[in-house]
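Asks: One structure, pasted below without further comment.
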Amino acid sequence: MSHPDIEESPAGSSQPGSDTHSRHFRAAGVLRGLALAAGVILFLTTLYFVNLGEALANIRTLGVALPIALGFSGLWHLVRTWAWAWCFPQPRSVSFAHLARVRLSAEAFSYLTLRGIAGEPLKVVLLAGIVDARHATAAVALERIAYIVGTTIIVGAASVAAMAALPLTEIWFRVFRAFAIAAAVVAVFSALAITGRGTYLQSLVRAIDRRAGSALAAGRVGRFVGSVERLMLELVRDNPKRLLVLSIATLACFVCMVLEAWVILVAAGAGIGLDGAVAVETFSRVASFASAFIPANLGALEASSVAAVAAVGATGGAALAIARRIRGLFWAGLGLLIYPRRQIGQGVKGGADRGRRDGTLLYLPHAEDVTVPPSTRLASLPIAERVIRAAARAGYRRFIVFVPEGSIGHASVRQHSSTILRDIGAIVTIANDRTSWERAVAALPGNERVTVVGPGTVVSPALLADALSLESEQECLDVAAGGAWPATGVLRVIRTFAANLPAVERELRQRRTGAVALPSGEDVSFRRARLAVRITTPAELAEAERIIRRSSYKDTDAKVARFNRRMSLPVSIALMRTPVTANQLSVVLVAMGLYSAWLFSLGHYWTGVLGASLSLAASVLDGCDGEIARLKYQESAVGCWIETIGDYTYYLAIFVGIAVGAVRQTRWEVFAWLGGLALCGTLISFGLLIYLRNRITSGQPQRLHAIAKDRFKAQPTWWSRALWRVSFVATRAAMPYGILAFALVYGLPAIVVLAAIGANVYWISLVVKLKDLLGRRAEEVAARVHVAP
């Protein structure tokens, strides 16, 4: 899923719009950093006051209570989806199952970013093409507002009950009294809005326009917001049954969470009643709303669980926090696992004309001198499918495929092409002879240029996107793969030339027999060229396979990463024939990392070796998700973020598991403190990396490593050069080898020491070099990393 590059003004520019955008971007980055810092502080503070050993012992006593608690949270998700389904105009144009999938996926993304905020726009995006944007926005807003308002009122009522029934301290009595007063205020204003007749937000904007002389209400955003507000109010005012459903759903959700807390606390030996569980959930709900800005509710969940259980005079707050963290990660992982696939035609970033969505591709998969049929698999995909997917990804929306009767694989190519193109919403014409070809080309709009791909030729989406921007007086142009590769056999021709089928076939044949050198896989992976391979005989197939596999490497891969890819690529090729997606594989790898962490935490020799071996296997397979995405032309910013979150989760889990295991193995509490120090340094490093990923990658998060390397070494010092060279040891590709080596000699506690030192040295170095990392040397970065294969 590609996103437009963020436009940056040249140095010294004084464009007010650019300055405003930069200020807003910096402010957003600062807020994200502060939110993460607040979560880290809360998390560390909670750890200080909690007996971690006792908490882990409590969590082991849960037994079947944990899956029962997961069942209550699953019911909570279903009820929320049911309420959301009622917020759409009836009859709905989308099924309940699809709504559940979209909602769970968006909530997973929201859980890992800004809970309850980031996921809401994503729901609208994921419903695009199925539900009108205004209706989807109104439904999302109505369900969210109804849930917040309803929960607030329930919290108020529960606070009154807690004050009446529980022996609260004076401080907690005042806290619950404040909850009750706030809930009463919200209830009054909600009743006024429901029983009213007019609009509120739109009326406010119009009043501002009258006073300031502006025209906000008349603008595109103002009209859209006003339309959404009217739809939302109509949905709740004109259908009392819908209001009743929303109220029942909110109450049911609260009951589910109360039962979840009660089951966990009873299993942990807290001896708490349902009234106490209501009070615990009441406080937790308020804390959840207040901490929505903290990614994954880090620290706030732990602090609120411990504080709420202590408020009612019970024990087991740490067990509740751990169980709810497991629950959150479980549903986040499931949400990412079932993340809806975007259509494959997403456009390719870069170039003057990459935003076009109306490109036309003429594809001729057969020729007498090409003995490799288009159904031949190249890197697990048939050649014809690879060409079509690449073109769809590049933004082509009209296809003319020439499949003459009697050609090899005629029926297969015809059916396969039609199925793929229909799935992406493209206009496809299958021409069987010269007459139908001329008729299809003549029906194209205007005299625009079209792109022609011949038999045995496979190129990347980026090269086909380059073709869209080629304009010349010549009737036929060859599309270059790079400065040293001016010809690839992909043609950019005017429509009148394209209508002459013999002339097109002659041009393609001349370029096939011209023996022009094409880029190697190394050239493509190091971004010196676009991918372009040509296969005319079966003997050339093996070399083409090698080139396309090598091109899937990243230019930032170190030697260890390239060694790992020799093992992961065959697995990726095999998985491409299955329904497994790259995002699903990312989630499975996270699960393997978490299981490895649990094995480390046991503190035994053989479990340590087994955990290290499993961690190494997960590291090798970690390249598969990215390889599958690149080989199937499904790279996306969201996929990159999912992989990044998976890597971060792996690091955190492994460090925690090894630290707990070190304490058990040595009986030295110092390793708990060293583990906390490593965890703190790692979290700060992740916060800085997330900040940099947002600031310097211009919407392409996968470019972070290349850009950071270029800027980190902008003004090199001996320590910065040394640190960058040594930092590869802590990468996901290399670190598991070191962990396995230490595990084999029973030296895993040393990893805790190294992690405590390395993580903190790393984030301090990032801070020291932050000015260079944020440098605006766009032309230097573009020269090195902007070219996409």
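Asks: Could you grab me the full set of residues in segment 576-589 that are aliphatic (A, V, I, L, M) and open to solvent by 40 Å² or more (accessible area, probe 1.4 Å)?
Replies: At the first step, the residues of segment 576-589 found to be aliphatic (A, V, I, L, M) are 576, 580, 582, 585, 587-589.
Answer for segment 576-589, where residues must be aliphatic (A, V, I, L, M) and open to solvent by 40 Å² or more (accessible area, probe 1.4 Å): V580, V588.
One line per residue, one yes/no per condition, for (1) modelled with pLDDT of 80 or more; (2) surrounded by fewer than 21 Cβ atoms within 10 Å (Cβ to Cβ); (3) in a helix (DSSP H, G or I); (4) within 24 Å of the chain's Cα centre (by Cα):
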| position | (1), (2), (3), (4) |
| --- | --- |
| G593 | yes, no, yes, yes |
| S613 | yes, yes, yes, no |
| S619 | yes, no, yes, yes |
| C624 | yes, no, yes, yes |
| G661 | yes, no, yes, no |
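Asks: When you look at P519, is it over 28 Å from G611 (Cα atoms), open to solvent by 40 Å² or more (accessible area, probe 1.4 Å) and over 26 Å from the mean Cα position of the chain (by Cα), yes or no?
Replies: On the way: over 28 Å from G611 (Cα atoms): yes; open to solvent by 40 Å² or more (accessible area, probe 1.4 Å): no; over 26 Å from the mean Cα position of the chain (by Cα): yes.
Answer is no for this residue.
Asks: For the subset of segment 595-611 comprising residues that are touching a residue at least 40 places away in the same chain (Cβ under 8 Å) and among the aromatic types (F, W, Y), which member is surrounded by the fewest Cβ atoms within 10 Å (Cβ to Cβ)?
Replies: Checked segment 595-611; the qualifying residue surrounded by the fewest Cβ atoms within 10 Å (Cβ to Cβ) is Y605.
Asks: Which of the residues belonging to segment 536-569 are within 21 Å of L616 (Cβ to Cβ), surrounded by 13 or more Cβ atoms within 10 Å (Cβ to Cβ) and more than 24 Å from the chain's Cα centre (by Cα)? Walk me through it before giving the result.
Replies: Taking segment 536-569 first, the residues within 21 Å of L616 (Cβ to Cβ) are 553-554, 556-569.
Checking which are surrounded by 13 or more Cβ atoms within 10 Å (Cβ to Cβ) leaves us with 553-554, 556-558, 560-565, 567-569.
Selection gives A558, V560, R562, F563, M567.
Asks: With among the basic types (K, R) and open to solvent by 50 Å² or more (accessible area, probe 1.4 Å) as the only criterion, which of R439, R449 stands out?
Replies: Values: R449 fails: open to solvent by 50 Å² or more (accessible area, probe 1.4 Å).
After applying the criteria, what remains is R439.
Asks: Report, by residue number, each residue of segment 744-769 that is in a helix (DSSP H, G or I), out of contact with any Phe, Trp or Tyr (no Cβ under 7 Å at 6 or more places or on another chain) and more than 13 Å from I684 (Cβ to Cβ). Talk me through it step by step, then tell me what you get.
Replies: Applying the first criterion (in a helix (DSSP H, G or I)) to segment 744-769 yields 744, 748-768.
Okay, now just the ones that are also out of contact with any Phe, Trp or Tyr (no Cβ under 7 Å at 6 or more places or on another chain), so 744, 753-754, 756-768.
Selection gives L744, V753, L754, I757, V768.
This table checks each residue for (1) open to solvent by less than 30 Å² (accessible area, probe 1.4 Å); (2) at pLDDT 80 or above; (3) aromatic (F, W, Y).
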| residue | (1), (2), (3) |
| --- | --- |
| Q665 | no, yes, no |
| W718 | no, no, yes |
| F742 | no, yes, yes |
| L748 | yes, yes, no |
| V767 | no, no, no |
| R776 | no, no, no |
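Asks: Within segment 453-476, how many residues turn out to be over 34 Å from the mean Cα position of the chain (by Cα) and touching a residue at least 24 places away in the same chain (Cβ under 8 Å)?
Replies: Taking segment 453-476 as the starting set, the residues that turn out to be over 34 Å from the mean Cα position of the chain (by Cα) are 454-456, 471-476.
Filter once more, so that each one left must be touching a residue at least 24 places away in the same chain (Cβ under 8 Å): 454-456, 476.
Going through segment 453-476 one residue at a time, the tally reaches 4.
Asks: Only helices (runs of 4 or more DSSP H) wholly contained in segment 86-166 count here; list those with 2 or more residues that are in contact with a Ser or Thr (Cβ under 8 Å, 6 or more places away or on another chain) and small (G, A, S). Spell out how you get there, then give the answer.
Replies: Working: elements: 96-111, 119-126, 133-165.
Filter on segment 86-166 gives 133-165.
The values are calculated or read from the model by the stated rules, or taken from the named source; none is laboratory data. These numbers come from a predicted model, not from an experiment. Here the Cβ is made from the backbone with ideal geometry for all residues, glycine too, and neighbour counts use every protein chain on show. Just the protein is used for accessible areas: all its heavy atoms, side chains included, with ligands, DNA and RNA removed. Shrake-Rupley method; radii C 1.70, N 1.55, O 1.52, S 1.80 Å.
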